[in-house]
Amino acid sequence: MAGAAPALMEEEEEKEEEKKKETKKETTGERPPLSAAALAKIERNRQRALALRQARLAARPYPAAGRMAAADAPVLEFDYLICGDCGKEFMDSYLMQHFDWATCDNCRDAEDKHKLITRTEAKEEYLLKDCDLDKREPVLRFIVKKNPHNSRWGDMKLYLKLQVIKRSLEVWGSEESLQEAKELRRDTREKMKQKKFDKKVKELRRAVRSSLWKKEARIHEHEYGPEENIDEDTFKKTCTVCGHELTYEKM
């Protein structure tokens, strides 16, 4: 019994020492060593992050090394527009919103100066083609409205007349050239109308002559009225159409 006591004491001391070591590991935060694969993965991630950071710095370098300049606080200011008619400042207007035309609502003259015209009128009155309205830069802006004459018809495209006139001068060069082109087109249209009229008259005359010729060429068939007794055995019939008399005898 005396020999077993020291052995028990030594065993208890070893257990106590193990507990102290475990407590020390938990306190100091020691972790078990990482494997070679885990270390390689960590190194790859570190290299990738470093490459991304260098690429970002090359694309957007900071003004000072190691320091990023603070962005200025936004200044809330309104960009006022200048009206082309009265010269006063304004923020927004109907013509600016729909046609990008710098005129305030107070100066807008919807009946005359800032009148809207249809696409058909723009093409006929100012000799513009579809490409002049839709493809030539800058493309003319327009608004869409229902046709007032018939709601079942297609919607109307309305353009600002001032912009249409400006585009027409860009296409034709000057107002004189535009007027000459309009007169030439008007003369051509009148010649085409006269040509069609002459053609119809010629066809009508040909049809009348043809009908007269057919009437004259057709063989007349007499239509006789009642017979008349001229003599004992002689009778006659008269055509009710041409008056021809047919005389004959009856045995």
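Values as computed for the structure displayed
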quantity	calculated
Total formal charge among the other residues, if their Cβ is under 15 angstrom from that of Thr188, Lys/Arg +1 and Asp/Glu -1	+3
Above-threshold pairs, the threshold being 18 Å between Cα atoms, out of Lys115/Lys135; Lys113/Lys146; Lys123/Lys191; Lys115/Lys157; Lys129/Lys196	Lys115/Lys135; Lys113/Lys146; Lys123/Lys191; Lys129/Lys196
Amide H within-cut-off set for Ile143, under 5 Å, with H built and near neighbours excluded	Leu158
Calculated FRET value between His222 and Met192, using beta carbons and R₀ = 51 Å, to 0.05	0.50
Additional length obtainable on full extension of the chain from Glu121 to Glu249, 0.36 nm per residue less Cα span	37.7 nm
Spin-label pair Ala36/Trp153, simplified geometry with 7 Å Cα→Cβ offset, distance in nm	8.8
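No value in this document is a laboratory result; all are computed from the given coordinates. This is a predicted model, so every value here is computed, not measured. Virtual Cβ from ideal backbone geometry, glycine too; neighbours counted across all protein chains shown.
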